[in-house]
Every structure is written in C-alpha cells, then in structure tokens.
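In what follows, a structure is listed as structure tokens, so that the remarks can point back to it.
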Amino acid sequence: VTAIIVVIFMMISIIISDNNARPIQEIAKKVEALDTGNFSYTIAHTRSKELQQLNTALNNMGEKFTTALATINSEKNRLSTVLEQMADGALITSNLGNVEYINPAAVQLLETSQGEALGHTFAEVVRHHQIIDLWRKCQDTDEQQGALIETRGERGRFIQVIITPFEELDQHGYLLILQDLTALRRLETIRRDFISNISHDLRTPISSMRLMTETLQNGAV
C-alpha cells in the first residue's frame with residue numbers, strides 16, 4: 001500500500017511539474033522569439049495567476065513592438081522614397097569616410113554608380129579635392145559646411161555642396177546635399193550679358209544725341 005501511495009504521489013508530482021513547466025517553456029520560447037525580432041508569438045492561457053500576468057505582459061509588449069516596428073518601417077520607406085525621388089543629390093558617409101548611402105541624383109552628379117559608391121571611400125566616389133577638403137573641414141570642426149564648387153571637364157557644373165554632421169546610435173556620420181546650379185548660373189550669365197549688350201547699344205545713340213545737342217547749342221544750324 002505504501003509503495004502504491006508513493007507511486008501515485010510521484011505521478012501526481014510529475015503531472016503538476018509538467019503543467020507548471022509547460023508555460024515556463026512557452027515563456028522561454030516567447031523571449032527567444034522577441035530576441036530574434038518575432039513579436040507575433042502569443043502565449044496560451046495558463047492556470048497560474050502569476051504566470052498569466054507575465055504572459056499578458058509579454059503579449060502586450062509583443063503587440064506594442066509590432067506596432068512600433070510597422071511605424072518605423074513605414075517612415076523609413078517614406079523617407080527612402082523622398083530621397084530616391086528628390087532632384088538634389090544626397091550622400092551619407094560614416095565618420096571614417098565610407099559611403100553608406102547615395103541616391104540616384106547624387107549618382108548622376110558624381111558620374112558614378114551604386115556599386116562603385118557604396119562601401120568605398122568618400123575620396124574615391126567624389127574625386128574632387130574641393131569637396132573632399134570641405135568634408136574634412138566639417139569633420140574637424142563638427143559644424144555644417146557649405147560652398148559653391150565649379151567642376152571642370154567636358155561636363156563642367158556648378159554644384160552647391162552642403163555637409164552636415166549628425167550622430168546616430170553613438171556613431172558620427174555626415175550628410176551631403178548636392179544641388180546642381182549649372183542651369184541657374186548659365187541663366188545669370190545670359191542675363192548679365194544681355195544687360196551689358198543693351199547698355200552698350202543704348203549708350204552709343206545717347207552719346208551721339210548728346211554731341212548733336214551740344215553742337216546745336218553752340219550755334220550750329
């Protein structure tokens with residue numbers, strides 16, 4: 001009889017232990033899932049009040065993480081769309097000078113490609129000493145720098161360069177905005193030449209009229 005009672009108690013203990021261990025194992029799986037980024041894992045209901053409270057807290061935390069992650073991804077996609085479609089060039093480098101991002105407008109302005117730019121040094125991508133010096137100045141002073149730079153060659157351009165330092169996750173980086181002002185400078189040159197030509201064309205007849213008027217005032221018929 002004693003042996004039978006001992007066996008029964010052992011079976012009851014095993015059942016109780018298994019019932020208590022199962023939700024703990026599920027909680028462990030939930031924590032592992034959260035660590036890998038899976039926030040949709042839901043823990044089933046348990047009889048233990050304390051474990052159920054812990055389950056509810058973990059489930060709520062998973063739902064909040066899922067909502068926050070969806071919001072972050074939405075904002076990231078929106079920002080990526082803006083950068084990809086904007087007319088100005090955008091380029092991001094690390095503190096060491098490696099290119100981490102470049103949009104299509106910057107690829108066109110710098111006459112490079114995504115493959116040739118990403119992961120390479122800033123000097124290799126830009127290949128213009130004035131822009132490189134401006135980046136180094138921004139790195140040394142940790143202040144925004146800007147300049148209008150004229151590039152030489154067959155496709156000479158006037159590029160407005162603005163370099164802004166930023167800090168993200170305790171790491172420094174630099175954002176470069178490249179604005180192509182070539183067309184605007186050409187329009188300014190045309191306007192300046194037009195005004196100069198008009199002034200010259202008007203100056204000649206006015207001078208002639210002045211001489212004629214002075215001649216008439218001196219008594220000439």
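The values are calculated or read from the model by the stated rules, or taken from the named source; none is laboratory data. It should be emphasised that the depicted structure is a prediction, and the values quoted were computed from it without experimental measurement. Quick reminder, even Gly has a Cβ in these numbers, built from the backbone with ideal geometry, and neighbours come from all protein chains shown. Each accessible area value is taken on the protein alone, full model and side chains, heavy atoms only, with ligands, DNA and RNA left out. Shrake-Rupley method; radii C 1.70, N 1.55, O 1.52, S 1.80 Å.
Contact map, the range 63-91: residues that are open to solvent by less than 70 Å² (accessible area, probe 1.4 Å) paired with residues that are in a strand (DSSP E or B) and polar (S, T, N, Q), Cβ distance under 7 Å, separation 6+ or inter-chain. Pairs shown: 88/179. Filtering the range 37-64 to residues that are in contact with a Gly (Cβ under 9 Å, 6 or more places away or on another chain) and modelled with pLDDT of 65 or more leaves only 38.
Among the residues of the range 159-194, the one identified as over 20 Å from the mean Cα position of the chain (by Cα) and in a loop (DSSP other than H, G, I, E, B) is 181. Just one of the numbered conditions (1) open to solvent by less than 90 Å² (accessible area, probe 1.4 Å); (2) in a strand (DSSP E or B) is not true of residue 207: (2).
Checking each residue in the range 163-196 for being polar (S, T, N, Q) and open to solvent by less than 90 Å² (accessible area, probe 1.4 Å) picks out 164, 179, 182, 189, 196. With respect to the conditions (1) out of contact with any Lys or Arg (no Cβ under 8 Å at 6 or more places or on another chain); (2) within 20 Å of residue 158 (Cα to Cα), residue 98 lacks only one, and its number is (2).
Count of the range 102-132 residues, restricted to those that are surrounded by fewer than 17 Cβ atoms within 10 Å (Cβ to Cβ) and assigned to a strand (DSSP E or B), is 1.
Listed here are the residues, each with its yes/no results for (1) of a type in the set (Ser, Thr, Tyr); (2) in contact with a Cys (Cβ under 8 Å, 6 or more places away or on another chain); (3) modelled with pLDDT under 75.
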site: 164; (1), (2), (3): yes, yes, no
site: 167; (1), (2), (3): no, no, no
site: 174; (1), (2), (3): yes, yes, no
site: 177; (1), (2), (3): no, no, no
site: 181; (1), (2), (3): no, no, no
site: 186; (1), (2), (3): no, no, no
site: 192; (1), (2), (3): no, no, no
site: 198; (1), (2), (3): no, no, yes
site: 209; (1), (2), (3): no, no, no
